[in-house]
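Below is one structure; the comments refer to it alone.
Bear in mind that the values in this text are calculations on the coordinates, not laboratory data. Here the structure is a predicted model, which is why all the values come from computation and not from measurement.
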Amino acid sequence: MNLDIKLHKNDLPDDVKLGNVIAVDGEFMGLDLRRDPLCLIQLSSGNNDAHIIQLDRTNYKAPNLIKLMKNESITKIFHYGRADIAHIKYYLKTDTNNILDTKIASKLARSYSDNHSLKNLIKEFLNVDISKQFQNSDFGGNLTPAQLKYCANDVIYLHKIHEELKKILVRENRIELYEKCLKFLKTRVELDLALFKDDIWSH
Ligand code: MN
């Protein structure tokens, strides 16, 4: 498979059009929202392309990317969007609208499994083994070709995976529940940003 990987500095260029359904992922310096800044946003149109945007961490000026995240008529597919959307809201100062999420879809659709990692979903639905070797690597500086490939892998399969999960959700009558969970995702992110980390429904 021929992968088209493009690295952009600071923002998505004006002339890049990715269609109405875009896969999105982010890389941070770590998992603590306030401590660990957002470094990269990766986007894919689902046609073996990856646009990797290396943000300017001194000002996070990325008007095209922010417009895209905000745009209600463009769908964004995440895998565990909870972390990405919180980082996007905190660092890019924008809401992300019109969200799908393959991890939530997988948890509802694949109750036969307790592994909902992206690697596992790529294996199940595309029969591809991807390396997660660079999951924990320094995304703050210059990126190696291996890191770029890793970042691309996190977005190029999401369209296909979501399509397959959706079929199961429809078949098992769980699609409405999925849609309701997606509606709550923004609130879950707001709870995270307000430091309510635990499950507020638990006793
Ligand atoms: Mn990633």
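Scalar couplings 3J(HN,Hα) for the stretch 97-113, obtained by applying the Karplus form with A = 6.51, B = -1.76, C = 1.60 to θ = phi - 60°, are 10, 6, 10, 10, 8, 6, 6, 5, 4, 5, 5, 7, 7, 9, 6, 7, 10 Hz; x denotes Gly and Pro.
Helix-only mean residue ellipticity at 222 nm, the chain, DSSP H runs n ≥ 4 weighted -39,500 (n - 2.57), per residue, nearest 500. What is it? Don't skip to the answer; put the middle values down first.
Numbers: 7 runs with 81 residues, N = 203.
The per-residue figure over the chain is -12500 deg cm²/dmol.
Take the alpha carbon gyration tensor of the stretch 45-107, find the square roots of its eigenvalues, order them as a ≥ b ≥ c, and report rounded if a/c is under 1.5; if not, report prolate when a/b exceeds b/c, else oblate. Judged from the Cα gyration tensor, the stretch 45-107 comes out prolate (a/c at least 1.5, a/b above b/c).
How many lysine pairs are close in the stretch 24-112, with Cα atoms under 14 Å apart and the two 8 or more places apart or on different chains? Lysine pairs, 8 or more places apart or on different chains, close enough: 8.
Excluding same-chain neighbours fewer than eight residues apart, the lysines reachable from LYS197 by a Cα-Cα span under 16 Å are LYS186.
Looking at the stretch 1-157, the DSSP beta bridges with both ends there are about 45 percent antiparallel.
Relative to its residue count, the chain spans a Cα convex hull of 130 Å³ per residue.
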